[in-house]
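The values are calculated or read from the model by the stated rules, or taken from the named source; none is laboratory data. Everything numeric here is computed off the predicted structure, so don't read it as measured data. Neighbour counts are summed over all protein chains in view; Cβ atoms, including those assigned to glycine, are modelled from backbone coordinates with ideal geometry. Each accessible area value is taken on the protein alone, full model and side chains, heavy atoms only, with ligands, DNA and RNA left out. Shrake-Rupley method; radii C 1.70, N 1.55, O 1.52, S 1.80 Å.
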Amino acid sequence: KGQSDTTSRAMASLSVLCDAAKDKLSAEQKLLAERETAVAADREKLQAEKEAMMKAGITESDLLSINVGGQIFAVKRSTLLMAPEDSLLSLMFSGRWDESISRDAEGRMFLDMSPPVFSSILSYLRAMRLESEHPAKKRRSLPIDQMYEAELKAVCIYYGLFPKPRMSLQLKSREQQGLSIVEDEEGTTVRQTAGLFRAAFGTEVIETVATWKFSVVSISNGYLFAGTTAAADPSQNPYSSSSAFGWACDGQVYLGGTNYPGLGGWVGWQAGDHAIFLLDIEASTLKMYHSRTQTLHTLALPVEKKQWRLHVNLYGQADVVKLATPTAEEEEAILVASCGVCQCKAEVVRRLPSSNVACCGIGSQAWAAGDNNCSTGPGARHASHREG
């Protein structure tokens, strides 16, 4: 009888393990199917846009007339497309957004920058097009008169003129047990295996601008947190740290560790959710475009310099999330969403990175005044802005 009981217990344990393995396989198969569907949809969308541009007569050989700060430039579209494929400059002049670019009284495209700055950028792009091995790509600064140096640097950063370094998705955990972090060519998967409230943090400090894709594979107990933190040694509940900014389940929105339920209409995470995050250090903002609800949410970060890192907080066993590098189309989604918030028709978010002023003209300090009005308070920096 004793042997029979032991065998029964072993069989029961084996059954539990098999069920867990089946659940894991099912979740991964579901995620793979969703990815394949998304890729197919993106391909169809891209093909439709290409066909529409061809019908409209838009080609890389187009000669564009651009009014830059009052001076007229004639430039081939192909020259502007020498900028990195995922850069704002390349996206603007890809032909897909020609109708959204600001124009002057004569109908010419208009860019609000000093002509010498644009001239220096054109010279750089033309050198890239003409030099077979593209040694110009190795540059990280451009020559210009000293009086324009600051503006040129800001414009190059803003328009993404130089290729962005690949963002590290490497994470670490304060806990020794209970959290599995697996890196592969597709990204980083974080899985809670034991205990409650396990957090993972980026191993590298984000210096300028960073984007990442956050996917919810499964939720066991209805709680997840995704965002950023500057805490060097997070506490027991890192989402409540004074430097924690991000979004959790049940509509929880954390600003400096304080929960503002439902801020900006946030409803919470669900299994199968995908979101694109954009952390802009110069602008002191953290943005998140949520694909299921197709909404943009924005939080203002402290303006003082901090060492910001990725931050993920799981609650229960079998919670699984994935971080990945977004595609150019996915990055474009959050840029276009940002454009829609403030209805800018020129640059997607019209500001210089050297300032703390968004396109609404509201500084990042304004929200601290406690006024939710769109034009004077935190609404100018949060997703609720789109409603006002």
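Before moving on, here are some points about what is shown:
- Neighbourhood net charge (13 Å Cβ-Cβ; Lys/Arg +1, Asp/Glu -1) for residue 268: -1
- Here residue 30 and residue 74 are evaluated by their C-beta separation; at R0 = 45 Å the FRET efficiency comes out at 0.30.
- Subset of 213/305; 153/306; 172/305; 76/213; 24/306; 30/213 violating a 27 Å alpha-carbon distance limit: 76/213; 24/306
- Residue 9-residue 127 FRET efficiency (beta carbon distance; Förster radius 56 Å; 0.05 resolution): 0.15
- Protein heavy-atom surface of the range 187-319, 1.4 angstrom probe: 46% of the accessible area is carbon and sulfur, with nucleic acids and ligands not counted.
- Computed FRET value (nearest 0.05) for residue 61 with residue 305, which takes r as the C-beta separation and R₀ as 45 Å: 0.50
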